1. In percent, what relative contact order does the stretch 30-123 have, based on Cα pairs under 8 Å that are 6 or more apart in sequence?
2. Picking from GLN102, GLN70, GLN111, which is most flexible by a Gaussian network model of the chain using Cα springs under 10 Å?
3. Pull out a ≥ b ≥ c, the square roots of the eigenvalues of the alpha-carbon gyration tensor of the stretch 1-52, then state rounded if a/c is under 1.5, prolate if not and a/b is larger than b/c, and oblate in the remaining case.
4. With labels modelled as points extended 7 Å from the Cα through the Cβ direction, what inter-label distance (nm, one decimal) is found for ASP22 paired with SER42?
5. Give, rounded to the nearest 20 debye, the magnitude of the charge dipole that the stretch 11-114 has about its Cα centre when Lys and Arg contribute +1 at Cβ and Asp and Glu contribute -1 at Cβ.
6. Cut-off 10 angstrom, C-alpha nodes, Gaussian network model of the chain. Which of ARG90, ARG98, ARG113 fluctuates the most?
7. Using the Karplus curve 6.51 cos²θ - 1.76 cosθ + 1.60 with θ = phi - 60°, what ³J(HN,Hα) values do you get for each residue of the stretch 38-55, in whole Hz, with x for Gly and Pro?
8. Roughly speaking, what is the stretch gain from LYS93 to ARG113, that is 0.36 nm per residue apart minus the C-alpha to C-alpha distance, in nm to one decimal?
Amino acid sequence: FLSYFRTLLPDLYNYFEEEELDVGEWASSWLRNLLAKELPTSCVLALWDVYFAQPDFIEFHPFVCLAILQHLKDSLEDLEQSEIRSMLLRLPKMNMLRIVSQAHNIRSEIQTRYGSTVASRLL
């Protein structure tokens, strides 16, 4: 996840480093809890509906996380460290179908760039 974050969103990754934001602080929760703690309930339900309809949702989840970062990039880059941390730990309401669509695009881009087996090792 971290490698793809650094590669796909270098400006945001570098900004987080400048702000001395610990990526592990929020990313581990995002990845382990499937965003249940961070997203509003309506967004979690919409996302999990999509997940449970897929055979590989655990492998797909990191791409959703990357899509959320991509979606929030401009907003996050306007914030300071404590505000970024707060936003990442309490995400705003989003159109989850749009996020899922973007996640599919990101997965396809990674598969094209690095090969399909690399994308499956994202976790």
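Quick note: the coordinates plus some simple rules give every number you see, no bench work behind them. Everything quoted here is computed from the prediction, not taken from an experiment. Counting neighbours? That spans all protein chains shown, and the Cβs are built from the backbone with ideal geometry, glycine included.
1. 40 percent
2. Fluctuation is largest for GLN111.
3. On the way: a/c = 2.60, a/b = 2.04, b/c = 1.27.
Judged from the Cα gyration tensor, the stretch 1-52 comes out prolate (a/c at least 1.5, a/b above b/c).
4. Placing both labels 7 Å beyond Cα along the Cβ direction yields 3.4 nm.
5. 640 debye
6. Maximum among the listed residues: ARG113.
7. With the stated coefficients, the stretch 38-55 comes to 9, 8, x, 3, 4, 6, 4, 4, 5, 5, 5, 4, 5, 4, 6, 8, 10, x Hz.
8. Details: separation 20, 0.36 × 20 = 7.20 nm, distance 3.09 nm.
My answer for the length gained is 4.1 nm.
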